[in-house]
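Input: a single structure, listed below in C-alpha cells.
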Amino acid sequence: MAVIKISPDQIKRKKRRGPKGHAVDLAALEEIQALLGDESRQRDLLIEHLHKIQDQYQHISSKYLVALAHEMKLSPAEVFEVASFYHHFDVVKEGQTPPPALTVRVCESVSCEMAGAHSLINALESGLGDDVRVQKVPCVGRCQHAPIAVVGQNPIHQATAESVTAAVDNNQIKDTITDYISMDDYKADGGYQTLKKVLEGSMSTESIMKKMEDSGLRGLGGAGFPAGRKWRIVSGFDAPRLMAVNIDEGEPGTFKDRHYLEIDPHRFLEGMMIAALTVGCDAIYVYLRDEYAGCRQILTKEIADLQNNPPSSIYQMPPIYLRRGAGAYICGEESAMVESIEGKRGMPRLRPPFLAEVGLFGRPTLEHNMESVYWVRDIIEKGPEWFSSHGRHERKGLRSFSISGRVNKPGVHLAPAGITMRELIDEYCGGMQEGHEFYGYFPGGASGGMLPESMADIPMDFDTLNKYGCFIGSAAVIVFSNQDSAKQLAVNAMKFFEEESCGQCTPCRVGTAKAATLMEEKQWNTELLEELASVMVDASICGLGQAAPNPMRCVVKYFPDELK
Amino acid sequence: MAANPEFMNKATIGFTMNGEEVSALEGETLIQTAKRLGTEIPHLCYKEGLRADGNCRACVVEIEGERTLAPSCCRSATAGMKVQTASERAIKSQKMVLELLKSDMPKQGESPYTPNSELDLWVKKLNVGEPRFEARSQPIADLSHPAIAVNMDACIQCTRCLRACREEQMNDVIGYANRGSHSEIVFDIADPMAASSCVACGECVQACPTGALMPANDVGLEIADKTVDSTCPYCGVGCLIKYHVKDNKILYTEGRDGDTNHFRLCVKGRYGFNYIHNPLRLTKPLIRRKGVAKTTELLDPNDLDKVFREATWEEALDFAAGGLKKIRDTQGKKALAGLGSAKGSNEEAYLFQKLVRTGFGSNNVDHCTRLCHASSVVALLECLGSGAVSNPVSDVSEAEVLIIIGSNPTVNHPVGATFMKNAAANGTKIILMDPNITSIAKYASHVLQFRPDTDVAMLNGIMYVILDEGLQNDVYIKKNTEDFEQMRAHLKNYSPEKVAPICGIDANTLREVARLYATSKSSMILWGMGISQHIHGTDNARCLIALALMTGQIGKPGSGLHPLRGQNNVQGASDVGLIPMVFPDYQPVTDPENQAKFEKLWGVDLDPVPGLTTVEMIHAILDKEVFGMFVQGENPAMSDPNQNHVREAFSSLEHLVVQDIFLTETAGFADVILPASAFYEKNGTFSNTDRRVQMGRQAVTPPGDAKQDLWILQEIANRLDCGWTYNGPEDVFNEMRQAMGSIAGMTWDRIEKEDSLTYPLENIDDPGQPIIFTDGFPTDSGRGRFVPAEYIHADEMPDSEYPLIFITGRQLEHWHTGSMTRHSPTLDAIEPDPIVAIHPEDIKSLGIEAGELITIESRRGKVVAYARADIGIQKGSMFMAFCYNEASANLITNEALDPSAKIPEFKFCAVKASAGGEIGVRIN
C-alpha cells in the first residue's frame, strides 16, 4: 500500500537547511511587502491579500503563501486552509505546475446545464488548448443569458465555443460596464435627501424603524426575516454594532442583486446607510461575490464618490468596507459570510448566538441582503403602504423574481408577492419558449425544491410553499420543460451542494456526497435517501445541508414517473 | 474540613430532560448536564478541555419547539426547556451520523489503529449496523514522522486535533483545508508531517478519537500491563504524565491533568522516554583498566572495553569510595569535590550534598544551576531574600502584560509557553525582548530584538522612562522597598535616547514598553538564560527585579518575577543545598547558627567556608587543589565552557567517580563508573519551576545490574563512614523536612495523594503558597532592595579577527548535553545533526547555501556544523545548541564568570566563521 514516507537522508538535508516547516523566502517576502504596501496586516484582510497575490501572479505559490503568513503573523496552515477553501485561489506547491494564466469558467448549474453547458465545456476543453484552463463552476449569477462562460473576468452570454474562443483570442478578459445611474443623476432625482435628513437628525430613527416595520418588508436574501424587526432587535444590543451587507448572490438561478447594482447602485447605498444609521452601526462591511467583477468596479467607484461627497458635511457616515468574496456559495449564508469577512474559511456558525447579538468580530451585527436595503429609500419616501399595497392572492409586497430557463423573457421581473408561477410565465415571461412545454419549476433556486406544472397555481411568497417541501428563498425561479428531466436536475442540484458544502458538519459533508452517489444510481433507494434526507434536515448546522435534499425529495413526491 | 462541592455554589437552571425535572448548573452545556446526571449522549467532536465545536452532530438532541435538532455539546439549558436526548428523532440522527462516518472508515469496519476508537464505541452502544453507503476514496497514510503515524483513512474531520494544535498548544500546524467532502486535516500547507512545522507535542494524537493520529509504530495497539502516574524528567515545567507500561518497557504516554500542564505535553515528555531502553545503557559497574592512561580525547563507546572492565558492585563501590577516602585522608578534605544533578530527585540531591558536606568534609558541591540560573538566584536572594519564583507560570493567564526576556519558552519550556500563548490569545500583551526573534514572537504585541549583551542598558532605559514619566508606584516603593533614591540617582544616566543606540531599540519603543509594563493592572516578567548566562547575569536580573519593585508589579496574581527553571529539579536541587555556599533552604554555610543547626541534625562538624563552584572546580583541578571528584548525573565534559580546558582538567584527575546511566563524555574520563537509574526507574520528589513538589513514580526497573541512585549514594557514603540507614526516599524526605522550614508541613503521604504541593508549606495542612511576596519580603528589613547595575560589556567583544557573536542554548528536541535525548531514537531522528542557526544573509555572505557546513572558531576552539538559515537570528550572530559531541559548542565558549554568581558567559563570545570544514565524528 502506498504511504508517504521521507527517508532519513532527506529529513537530514531539510533540517540542515532550515527550521521546521517552510522557511520564509526573503525575496518572496519583499515582493509580498511591496504588494501589500502600507495596507493593514490585520487578520480579516487575509482574503483581500490573497486576492492581491492571485491577481498579480495568477496563482498563489507556496513561497508567497508562506511569506504572507509571516507578514500577517499567521501560520502557513491558517493561510492555506483559507486559500484552499475558496475556488478562486489556486495554491501551487513546490513541484506543481501553475495553472495557465487565463481561466475560462463555465457555469454548470441548473439553468446553464439546461442550456447546454456540458457540450460547451467539452468543446472548449478540446478546442482551447493548454494555454487556457477550462473550469466547471457553479452559478455565476447570469442565468437569464445561459449558458455562461467567463473568460478571465469577462462574462460571455449565450456562450458558444466560437464566441468564447474569440474572446480568448482577442484577450477580452475584463467585464464591461453598461451605463447606470451615476451619483449626480441619482441626486438630481432626489437621491440622498432622505439620508441627509437621517444624518442630520431631522428624521428620527424611531419613525424610520416604524415605517420599516409597517412596510412588512422581509429579508430578500431568502430567509424572509422581517426587516424592521431585525433593526429593532440589533439596535437593542450594546454598541459598538456593525452592519454586514450580503451580495454573495450564489443561489443557482439568482441574479437580482447584480441587476439592481448594475442599474442603480446609489439607491442601494443610500438604503444601506440609512439602515446603518438607524440601527447605530459603526461600520459597514459589504461582501460582494468575486464573480461580480463589474459590480465591484461600480461599487468601488460609487462608494468612494459617496464618501468623498457626503450628503451632510456636518455629520459623519460610518465607513464602508467593500470585501471581495472568493468563490464559495456557502458564503451567502449569513454567518459564513461573517466568517469570510473576518478572513476565515466560510464555515457557518452554530446558532444561538445569533448574529444580531454576536456577529461580525463578535459584535451585534445588522446583516442584510443587498436588495433588502435597496427598497429602504422608497419605503421611507413613498411610505410603508406603497410597498404593502402590492401583492396578489392575499400576499403583500413586491418580489424581484430572477427568472431563467425555458421561457421567452428571462430576467429580473419585479412582480407582486403571491403571484403564481403560471401568472408569472404568462404575464411577465412571454410564455414558454417555442418547442418547450411547461413541466415544472424551481421556485427558489436549487435549494428551494421543485414543483410540477400541476402545482403552478400556488401563490409564491414566503411561507406559502413550505407545506409542499419548497420555499421561495431569493425568488430565483427556474422553469423547465418536457425536454428536461427533473431527476437529472435534482442530481445536478445535489452535486452542487456536495461541491459547495463547507465540510464542517457530518450530515452535510458526508450526507451530500453519499446522497449524490445514491442519486446517480439508475434505481434510487428512496427509502435510504429519505432517511438520510430527514437527518440532513434535522441535524445539519446551516441551511445548505438542511435544504440540500429538497429537490431530491420533490422528485420522489412530484415526479415519481421519472423514478420508474 | 472539606469545602462545599463546587456545584453547591453555582446557580442552577430547572428544565426537563427525558421527561424528568432536572437542574443544570450555570455555564454547563446539555451534554455536561446529562453526563453529570448519568445520561449518555454519543459524541465525537466534543472533548472535555477543548472548545466545543458542534461539528460532528452525533450529540444532537431534540428540544421542544425548535425546528431542528440541537448539538448538546454547544447548547445550554434555559429555564423550562424540554429536552429529549434519546427520542426516536434524536436517535435517528445520532445513528445516521455514526453510520455515515463509519461508512468512510477503513474497510467500513473498526479502526485498525486503536482499540479505543470512540466511533467504534458509540457504533456498538447504539447498535449501528453495517453501513449502507459507499465508502469514500481514501487518502494514503503519512508515515513520515518518527513519532506520529498519520492514517487519515480513519479521520472523521472532527477537528479535535486542530483545536488541540491551534487553540490549546497553539502550535498552529494543523489546518482544515479544502471544502465539502474534500475537506481534510493538513499539516502546514498539506505537507507530510515530518516536513511540516510540527513540533510533535502529540496533543493531536491525544485528542484524536479514531486513531487517525497515533504514536508511530503501532504501539497504541498494544495493551499495557499497567499505567503509572508520574511526572516528566525534562524541563522545569514539570508536567504530570501517565506512563503506559508493558513488559518493563514504556509503550507510550499521556498528559495528566494538573495545574502544571492540564493534560499537555511536549515532544520530549511525550516521546522522549525511550532513551532508557537504549542498548547503550550502562548495566554493569566499570573500572578503568590498569595502565590505560587518560587523554583529553572523548572516549568512543566502541572502545569501552579497551579502557574499562566490568566489576562487581562490591568491588566498584570499594574502589570508588576507597579512592575518594584516600585523597580526603591524605590530601585534605578540600581536595575532593562533588557535582550532583538537577536531574535527580530532591532526596538524591539532598543526600549528595550531605555526602559531600559530611563524608567529603567540605562545601565543594555544586550542580548545573551554576550554569543556568545562579545569577538569577543571587540577585533574587540579594534583593528579595528568596531565590524562588514569585508566581507560577500558570499565572500568566492573570497578567495583562508579560515581559519575556532572554527566554525561548516554546523551545525550552514548551508547555509553559502554551499558557503564555493562550494568555496572548485572551488579550494579554506579550513584550518579547531577545536578540533573536523566536517563535513566540508571533504572539507578541512588541518584539524588541535588542543587541546581544545590552540588557542592562535597555532595562535601565525602560526604568528611566518609568521614573521620568512618574509611572512608578510610590505607595509600594515606600511601603515595601529600600534604596530607591540610590536607584533614581543611578538611572539618570540612562535616558532612552542615550541607550537606544547601544541596545538598538528606538527610544519610542522603550517608552511605550515602559508605560505598558508600569501601568497595567498586572505585569509579570519571565526570563531565561539569556538573562543569566552573562558576566553581568546578576546585573541583568537585578534590573528585572528593580523594574518589578518600582512598579509594585509583584506579590499579586499575574504580577511577579519568574526565572524559568531549566532542569526538572533544578529548583529542588538548589532548595536542598546542592550549592557550595548554602545549606538546605538557602541557609548560608558561613552563619554559625546554621552551622550549629546542621551539625546537630547531621551529627558531624561542618566546614564554615563556602566551597567551589562548578567552573572553579575545573580551575582547582588544574591548579592541583582538587584531586578527586564524584560526578553524579552531570556531564561537565560537554556542559562547561571552554571544553578543551575542561577536558584537560578531567583527564588530570587522580580519581574520578561517575554515576550515570550512559557512558557520558564525562564518564570517559572516569576511574570508575557506577551504572545508575533513569528517572522512570525510581521514586522521588521533584520541584518544578513553580515551587511545586511533585511525585515521580517508578514505572520500570533499571536494566541489568544498574542500581537506584539513592542506594548507590548510601553505599558510597557508608564507605566514607557516614553510617546512613535510609530505607528509601520517604526516609530522606522526612529528614529534609527537619532541615527545611519551607517544606516542614509537607508530608510524603500528602504528596503521594495530591501529586503536587506548592511550598512554602510550613505547617501540616497548609494549602501551600503559589504566590509569594504578597506582604513584603523575607529580608532582614522585610523590604525589597534596589540594586543599581551599570552597563558593562561582555568579557570578549567581537573584533576584526573574531567579528561574530556566538550564543549557545538548547533546541526543542535535545536536552542539555544530549545524554538523554540523543539516545532517544525518536528525538534523535527529529534533530539528527549539529546545526548552527544563522541569518540567511550571513550564510550568503559566507558564499554558501543554507545546509552546508561552516567552521566556527573562537580563541579557544573550533567546531564544524551545518548552517541552518533562520531569519530570527540577528545578523552578525549565530546560535548553537551544546548537545552535539561531534560539534561541541562549548569548545568555543568563554569561561569568564559573573563575579557574584560565578556563572559563565555562555551567551556571548567572539568567533569567526568560514565556509566548509569536516564534520566531526559522533561518538554515541
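The values are calculated or read from the model by the stated rules, or taken from the named source; none is laboratory data. Keep in mind it's a predicted model, so treat the numbers as computed, not measured. FYI the Cβ positions are ideal-geometry reconstructions off the backbone, even for glycines, and counts take in every protein chain you see. All accessible areas refer to the heavy atoms of the entire protein, side chains included, with ligands and DNA or RNA removed. Shrake-Rupley method; radii C 1.70, N 1.55, O 1.52, S 1.80 Å.
Among the residues making up segment B:855-897, those that are in contact with a strand residue (DSSP E or B) (Cβ under 9 Å, 6 or more places away or on another chain) and within 11 Å of chain A (Cβ to nearest Cβ) are B:ALA865, B:TYR866, B:ALA867, B:ARG868, B:ALA869, B:ASP870, B:GLY872, B:ILE873. When A:ASP282, A:ASP257, A:ASP238 are screened for being open to solvent by 10 Å² or more (accessible area, probe 1.4 Å) and either in a strand (DSSP E or B) or touching a helix residue (DSSP H, G or I) at 6+ places or on another chain (Cβ under 6 Å) (or both), only A:ASP282 passes. Can you tell me how many residues in segment A:510-530 are more than 7 Å from chain B (Cβ to nearest Cβ), out of contact with any helix residue (DSSP H, G or I) (no Cβ under 6 Å at 6 or more places or on another chain), assigned to a helix (DSSP H, G or I) and free of Cβ contacts under 8 Å to residues at least 24 places away in the same chain? Looking only at that region, the number is 1. Tell me yes or no: at least one residue of segment B:152-160 is out of contact with any helix residue (DSSP H, G or I) (no Cβ under 6 Å at 6 or more places or on another chain), of a type in the set (S, T, N, Q), within 7 Å of another protein chain (Cβ to nearest Cβ) and within 28 Å of A:GLN96 (Cα to Cα). Yes, segment B:152-160 contains at least one residue that is out of contact with any helix residue (DSSP H, G or I) (no Cβ under 6 Å at 6 or more places or on another chain), of a type in the set (S, T, N, Q), within 7 Å of another protein chain (Cβ to nearest Cβ) and within 28 Å of A:GLN96 (Cα to Cα).
Run down A:ASP38, A:ASP55, A:ASP44, A:ASP9 and say which single residue is more than 12 Å from chain B (Cβ to nearest Cβ), part of a helix (DSSP H, G or I) and surrounded by fewer than 16 Cβ atoms within 10 Å (Cβ to Cβ). Steps first, please.
Numbers: A:ASP38 fails: part of a helix (DSSP H, G or I); A:ASP44 fails: surrounded by fewer than 16 Cβ atoms within 10 Å (Cβ to Cβ); A:ASP9 fails: more than 12 Å from chain B (Cβ to nearest Cβ).
So the residue among A:ASP38, A:ASP55, A:ASP44, A:ASP9 that is more than 12 Å from chain B (Cβ to nearest Cβ), part of a helix (DSSP H, G or I) and surrounded by fewer than 16 Cβ atoms within 10 Å (Cβ to Cβ) is A:ASP55.
Among the residues of segment B:621-644 satisfying the criterion of being in a helix (DSSP H, G or I) and surrounded by fewer than 21 Cβ atoms within 10 Å (Cβ to Cβ), which is nearest to the chain's Cα centre (by Cα)? Walk me through how you get there before you give the answer.
Here is the first cut: in segment B:621-644, the ones in a helix (DSSP H, G or I) are B:621-622, B:636-639, B:643-644.
When the remaining residues are screened for being surrounded by fewer than 21 Cβ atoms within 10 Å (Cβ to Cβ), the result is B:622, B:644.
Working: B:LEU622: 34, B:ASN644: 29 Å.
The extreme case among them is B:ASN644.
All conditions but one from (1) under 28 Å from the mean Cα position of the chain (by Cα); (2) open to solvent by less than 10 Å² (accessible area, probe 1.4 Å); (3) on the phi < 0 side of the Ramachandran plot apply to B:ARG691; the one that does not is (3). Across segment A:485-523, what is the total count of residues that are in contact with a Ser or Thr (Cβ under 9 Å, 6 or more places away or on another chain), within 17 Å of B:LYS102 (Cβ to Cβ) and aliphatic (A, V, I, L, M)? The number of residues fulfilling the criteria is 2.
Only one of the numbered conditions (1) at pLDDT 95 or above; (2) over 16 Å from B:ASN18 (Cα atoms) is violated by B:GLU62, and that is (2).
Going through B:ASN885, B:ASN890 one at a time, which residue ends up being of a type in the set (S, T, N, Q), under 23 Å from the mean Cα position of the chain (by Cα) and open to solvent by 10 Å² or more (accessible area, probe 1.4 Å)?
Details: B:ASN890 fails: open to solvent by 10 Å² or more (accessible area, probe 1.4 Å).
Among B:ASN885, B:ASN890, only B:ASN885 is of a type in the set (S, T, N, Q), under 23 Å from the mean Cα position of the chain (by Cα) and open to solvent by 10 Å² or more (accessible area, probe 1.4 Å).
With respect to (1) over 25 Å from the mean Cα position of the chain (by Cα); (2) at the interface with chain A (Cβ under 9 Å from one of its Cβ atoms); (3) closer than 20 Å to A:THR506 by Cβ; (4) among the β-branched types (Val, Ile, Thr), the lone exception for B:ILE174 is condition (1). Only one of the listed residues (A:ALA83, A:ALA27, A:ALA67, A:ALA77) is open to solvent by 50 Å² or more (accessible area, probe 1.4 Å) and either facing chain B (nearest Cβ under 8 Å) or assigned to a helix (DSSP H, G or I) (or both). That residue is A:ALA27.
Here is the figure for segment B:64-102: residues that are open to solvent by 10 Å² or more (accessible area, probe 1.4 Å), more than 9 Å from chain A (Cβ to nearest Cβ) and of a type in the set (Val, Ile, Thr) total 2.
Restricting attention to segment B:268-281, and to residues there that are of a type in the set (A, V, I, L, M, F, W, C) and open to solvent by 10 Å² or more (accessible area, probe 1.4 Å), which single residue is nearest to B:VAL411 (Cα to Cα)? Break it down into steps so the answer makes sense when it comes.
Residues of segment B:268-281 that are of a type in the set (A, V, I, L, M, F, W, C), as a first pass: B:273, B:276, B:280.
Still in the list and also open to solvent by 10 Å² or more (accessible area, probe 1.4 Å): B:273, B:280.
Numbers: B:PHE273: 18, B:LEU280: 27 Å.
The residue in question is B:PHE273.
Among the residues of segment B:810-842, those identified as more than 9 Å from chain A (Cβ to nearest Cβ), part of a helix (DSSP H, G or I) and either of a type in the set (A, V, I, L, M, F, W, C) or surrounded by fewer than 24 Cβ atoms within 10 Å (Cβ to Cβ) (or both) are B:ARG822, B:HIS823, B:PRO825, B:LEU827, B:ASP828, B:ASP842. Taken over segment A:318-361, the criterion of being assigned to a loop (DSSP other than H, G, I, E, B), in contact (Cβ under 8 Å) with a residue 12 or more places away in the chain, aliphatic (A, V, I, L, M) and closer than 24 Å to A:ARG229 by Cα is satisfied by A:LEU350, A:LEU355, A:ALA356. Checked against the criterion of being under 30 Å from B:ILE140 (Cβ atoms), open to solvent by 40 Å² or more (accessible area, probe 1.4 Å) and modelled with pLDDT of 95 or more, the candidates B:LEU251, B:LEU213, B:LEU221, B:LEU265 yield just one match: B:LEU221.
Just to be sure I understand, how many residues within segment A:469-509 are farther than 30 Å from B:GLY54 by Cα, in a helix (DSSP H, G or I) and not charged (D, E, K, R)?
3
Residue check: A:PHE80 meets all listed conditions (1) modelled with pLDDT under 95; (2) in contact with a Leu (Cβ under 9 Å, 6 or more places away or on another chain) but one, namely (1).
Does segment A:90-101 include one or more residues that are within 11 Å of another protein chain (Cβ to nearest Cβ) and in contact with a Gly (Cβ under 9 Å, 6 or more places away or on another chain)? No, every residue in segment A:90-101 fails to be within 11 Å of another protein chain (Cβ to nearest Cβ) and in contact with a Gly (Cβ under 9 Å, 6 or more places away or on another chain).
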